[in-house]
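Accompanying notes for the structure given below.
The values are calculated or read from the model by the stated rules, or taken from the named source; none is laboratory data. A quick note: this is a predicted structure, and the numbers were derived from the prediction, not measured. Cβ coordinates were reconstructed from backbone atoms using ideal geometry, including for glycine residues, and neighbour counts include every protein chain displayed.
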Amino acid sequence: MHDAQQVNNNLRTSRLLNDEPDRFLVDRDIYRDEEIFELEMKHVFEGTWNLLGLASQIPEAYDFFTTHIGRSPIVVSRDRAGELHAFINSCRHKGATVCHKQQGKTRAFVCRYHGWTYSIDGRNTGIKDRAAGEYPPSFDEQSHDLEPVKRFANYRGFLFGSLNEDVPPLEQAIAQLKPFLDLIADQSPYGVECIPGRANFVYHANWKLQLENGVDPYHFTSTHPSYMQVLKGRNAAEASVYSALDPQALERGTFSLGSGHNVMWGPIPSRDARPLAAMEQELEERVGPVRTKWMFFARNVTVFPNAQFAENAALQLRIWRPLAVDRTEMTTYCLAPIGEPREARLQRIRQYEEFFNPSGLATPDDVANYEDCQRGFAARQVRWQQGHQRGSQRSTSEISNAAQEIGVVPVASAIGGFNMGDETVMQETYREWLRLIVSGARKEIA
Amino acid sequence: MNTDLAQMANDLLAREAWLLDTRAWSDWLALYEEDALFWVPTWLDDEALANDPETQLSFMYVQGHRGLRERIAKATDIRAPASMPLPRISHLLGPVMLVSAQENLARTRCAWQTLVYDPKTRRKNSYAGNYEHELARGSDGTLRIRRKTVTVINDEIDSKLDFFYI
């Protein structure tokens, strides 16, 4: 492990990004180097706002769910007054995790090791045999509460946390992301909920392969023709949104939304085939025709650094946790508008399973590709990734009509036909990625 | 009568596993009734399996020959990255219990395990759980699968999962 000074010197030479106006390339070491992985965990995941989950996962007092920020195990809970909390899942005494389930309900957390107790909001409520413990006087000056996540905030039911307190306020960090979060939250007057049931998986490749693939239109026709073939074989009554896909006829756009966030968007055929079609009239009345149109677009939204919302026929929230430079854990949820009609909910679940599940007809092909990439990255002599250049001629900082109509001011946009397959959308994300690592490393040596 | 049915059920389940392992997809499909259901529920939490596929997520909920044919088509499409190459699979079934039997309908349970070996990465995985089969005797006297429910105990999937891995 290099010391921070040496790391900083390396980074200051922009070794990792070749960021020229006409030539944006990333060094493949960002996907395969363990020291860079360590820097990412410390300064990206543990250095900025992460998406933790949804408030609707913990609707009642004493509900909780667990997740991670970087390497840190986290509990998110709702207290008896209805307030939400996020704290580190580690007993203040000797460190054991005190919450052992992915989600549930509990009055208190009790550490199984020496019996320290905590309330649902993480406050210490008991130290076993405290009076008999002959503690030093300073013991009372130490907080024994489960350590709160330094920054914790809720935007319309989307919960965010940062282990680093030196971050911009959430409202600022997600300023241009908000219109896209709104397009999810407003699909029902009551917001969205997670369908019960877990379909999680681990893949053997770097987390940034998923990050990129989510906003990669270029891969669809070469990775998923087998899925398209299956859809073509169905009759009209079973039409899926991609049944009539004609890549020549569709538009696709990407926006860089600041702070590493981004979105790929565009119209999809077979609007009637979507579960959301059941609510179309109500949507038009409540949110208007423009936002309804955008709700019927395919939208893949990156919440940098750790999550994406992917929406075509159904809506997925995927949260990734890097386990190693070449191993990534995916926690995935089928989200649905609260109060959705039963028939539409049923259709949504089947369409979700088919496309988004690791046991479905599409995601396995993406995963196979990520793992092939990771194997190819082992060739250290190939340094530069050529994967972020498509769309360069269309990449602009000008505000398009599309951006204006949805109320967003992108840092960069690229809009063209489906076949353009924009890749420039990742450039701003990688600039933010590098900025977090450099500023984090600099603070360490300061 | 029950012995005969138990024997037929046992043979059917053994044959199904063999046909999956040897990738005899058409013969495997023929073991299923036209409107059969192949269901792999997810876990709701550490203890409870999903029990309502209409409101809870499944790993797979495949209806009828039409649905099963789609999965076979996907698994055998050489353009699909996940299918090229296919892993080698070996199914191991525990003793088959006859849970209930009427004249033309039987329910069975058994444990199952698979070894999934990917010749490309030389990685191996093992999945395990139990099967519940509903077997119906047709007019020609043969037993076919009306419903197969597959429980997977190790539900954190390693990369990907297909119908013949389980």
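A:Phe158 passes all but one of (1) touching a residue at least 12 places away in the same chain (Cβ under 8 Å); (2) within 14 Å of another protein chain (Cβ to nearest Cβ); which number fails?
Of everything listed in (1) touching a residue at least 12 places away in the same chain (Cβ under 8 Å); (2) within 14 Å of another protein chain (Cβ to nearest Cβ), A:Phe158 misses just condition (2).
What residue, of A:Asn419, A:Asn369, is within 28 Å of A:Leu250 (Cα to Cα), part of a helix (DSSP H, G or I) and over 25 Å from the mean Cα position of the chain (by Cα)?
When all the criteria are applied, what remains is A:Asn419.
Given (1) within 18 Å of A:Glu354 (Cβ to Cβ); (2) at pLDDT 95 or above, where does A:Ala273 come up short, assuming only one miss?
Of everything listed in (1) within 18 Å of A:Glu354 (Cβ to Cβ); (2) at pLDDT 95 or above, A:Ala273 misses just condition (2).
Within the stretch B:35-48, which residues are more than 7 Å from every other protein chain (Cβ to nearest Cβ), surrounded by fewer than 17 Cβ atoms within 10 Å (Cβ to Cβ) and in contact with a strand residue (DSSP E or B) (Cβ under 9 Å, 6 or more places away or on another chain)?
B:Asp35
Pull out all pairs, ordered by first then second residue, where Cβ-Cβ is under 6 Å, the residues are six or more apart or on different chains, the first lies in the stretch A:84-103 and is within 14 Å of chain B (Cβ to nearest Cβ) and closer than 17 Å to B:Asp46 by Cα, and the second is surrounded by fewer than 22 Cβ atoms within 10 Å (Cβ to Cβ) and β-branched (Val, Ile, Thr).
Sorted first by the residue in the stretch A:84-103, then by its partner, the pairs are A:Cys99/A:Thr66; A:Gln102/A:Thr66.
Keeping to the stretch A:342-365, report how many residues are facing chain B (nearest Cβ under 9 Å), within 18 Å of the chain's Cα centre (by Cα) and part of a helix (DSSP H, G or I).
Residues flagged as facing chain B (nearest Cβ under 9 Å), within 18 Å of the chain's Cα centre (by Cα) and part of a helix (DSSP H, G or I) within the stretch A:342-365 amount to 2.
Against the condition in contact with a His (Cβ under 6 Å, 6 or more places away or on another chain) and under 28 Å from A:Gln172 (Cα atoms), how does A:Arg299 come out, does it pass?
No.
Tell me, yes or no, whether the stretch B:59-76 has at least one residue that is under 14 Å from the mean Cα position of the chain (by Cα) and assigned to a loop (DSSP other than H, G, I, E, B).
For the stretch B:59-76, residues under 14 Å from the mean Cα position of the chain (by Cα) and assigned to a loop (DSSP other than H, G, I, E, B): absent.
Looking at (1) surrounded by 18 or more Cβ atoms within 10 Å (Cβ to Cβ); (2) modelled with pLDDT under 95; (3) touching a Leu at 6+ places or on another chain (Cβ under 8 Å), which is the one condition that is false for A:Pro267?
The number of the failed condition is (1).
Restricting attention to the stretch B:149-159, does a residue exist that is among the acidic types (Asp, Glu), surrounded by 19 or more Cβ atoms within 10 Å (Cβ to Cβ) and in a helix (DSSP H, G or I)?
No: zero hits.
How do the pairs read when you match residues in the stretch A:104-115 that are within 18 Å of A:Gln57 (Cα to Cα) with residues anywhere that are of a type in the set (Asp, Glu), using Cβ under 8 Å and keeping only pairs 6 or more apart or on different chains?
Here the result reads A:Gly104/A:Asp63; A:Gly104/B:Asp45; A:Lys105/A:Glu60; A:Lys105/A:Asp63, each pair linking the stretch A:104-115 to a residue that is of a type in the set (Asp, Glu).
Name the residues in the stretch A:389-412 that are part of a helix (DSSP H, G or I) and either in contact with a strand residue (DSSP E or B) (Cβ under 8 Å, 6 or more places away or on another chain) or touching a residue at least 24 places away in the same chain (Cβ under 8 Å) (or both), would you?
Selection gives A:Ser392, A:Arg394, A:Ala402, A:Ala403, A:Glu405, A:Ile406.
So, in the stretch A:183-214, how many residues would count as being more than 7 Å from chain B (Cβ to nearest Cβ) and closer than 21 Å to A:Leu276 by Cβ?
So the answer is 13.
Determine if the stretch B:116-134 includes at least one residue that is within 14 Å of chain A (Cβ to nearest Cβ), on the phi < 0 side of the Ramachandran plot and among the hydrophobic types (A, V, I, L, M, F, W, C).
Yes, there is a match, as at least one residue in the stretch B:116-134 is within 14 Å of chain A (Cβ to nearest Cβ), on the phi < 0 side of the Ramachandran plot and among the hydrophobic types (A, V, I, L, M, F, W, C).
Which of the strands (runs of 3 or more DSSP E) contained wholly in the stretch A:281-338 include at least 2 residues that are buried (at least 23 other Cβ atoms within 10 Å of the Cβ), more than 14 Å from chain B (Cβ to nearest Cβ) and modelled with pLDDT of 95 or more?
Once the strands (runs of 3 or more DSSP E) in the stretch A:281-338 are filtered for at least 2 residues that are buried (at least 23 other Cβ atoms within 10 Å of the Cβ), more than 14 Å from chain B (Cβ to nearest Cβ) and modelled with pLDDT of 95 or more, what remains is A:298-303, A:307-311.
Kindly provide the set of residues from the stretch A:153-163 that are of a type in the set (A, V, I, L, M) and assigned to a loop (DSSP other than H, G, I, E, B), ordered by number.
Correct list: A:Leu163 only.
Could you please tell me which pairs satisfy a Cβ distance under 6 Å, a separation of 6+ or placement on different chains, a first residue in the stretch A:270-289 that is closer than 16 Å to A:Ala336 by Cβ, and a second residue that is assigned to a helix (DSSP H, G or I)?
Cβ pairs passing all conditions: A:Pro275/A:Ala344; A:Pro275/A:Gln347; A:Pro275/A:Arg348; A:Ala278/A:Ala344; A:Leu283/A:Thr292.
Please indicate, with yes or no, whether at least one residue in the stretch A:428-437 is of a type outside the set (Lys, Arg) and assigned to a loop (DSSP other than H, G, I, E, B).
no
So which strands (runs of 3 or more DSSP E) stay within the stretch A:44-152 end to end and still have 2 or more residues that are at pLDDT 95 or above, under 26 Å from A:Asp186 (Cα atoms) and of a type in the set (A, V, I, L, M)?
So the answer is A:50-54, A:84-88.
Every residue, every condition in (1) crowded, with 22+ Cβ neighbours inside 10 Å; (2) part of a helix (DSSP H, G or I), yes or no:
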residue	(1), (2)
A:Ala175	no, no
A:Pro179	no, yes
A:Pro196	no, no
A:Val202	no, no
A:Ala205	yes, no
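Please work out if A:Leu276 is assigned to a helix (DSSP H, G or I), surrounded by 17 or more Cβ atoms within 10 Å (Cβ to Cβ) and not β-branched (Val, Ile, Thr).
When the stated conditions are applied, A:Leu276 passes them.
Would you check which residues across the stretch B:79-110 are within 14 Å of chain A (Cβ to nearest Cβ) and assigned to a loop (DSSP other than H, G, I, E, B) and list them?
Those that are within 14 Å of chain A (Cβ to nearest Cβ) and assigned to a loop (DSSP other than H, G, I, E, B): B:Arg79, B:Ala80, B:Met84, B:Pro85, B:Leu86, B:Pro87.
Looking only at residues that are at the interface with another protein chain (Cβ under 9 Å from one of its Cβ atoms) and in contact with a Pro (Cβ under 8 Å, 6 or more places away or on another chain) in the stretch B:50-76, which one is surrounded by the fewest Cβ atoms within 10 Å (Cβ to Cβ)?
Residue satisfying both the conditions and the ranking: B:Thr55.
I'd like the residue in the stretch A:366-388 that is among the aliphatic types (A, V, I, L, M) and either more than 14 Å from every other protein chain (Cβ to nearest Cβ) or touching a residue at least 24 places away in the same chain (Cβ under 8 Å) (or both) and, out of all such residues, is nearest to A:Val325 (Cα to Cα).
Per the stated criteria, the residue is A:Ala378.
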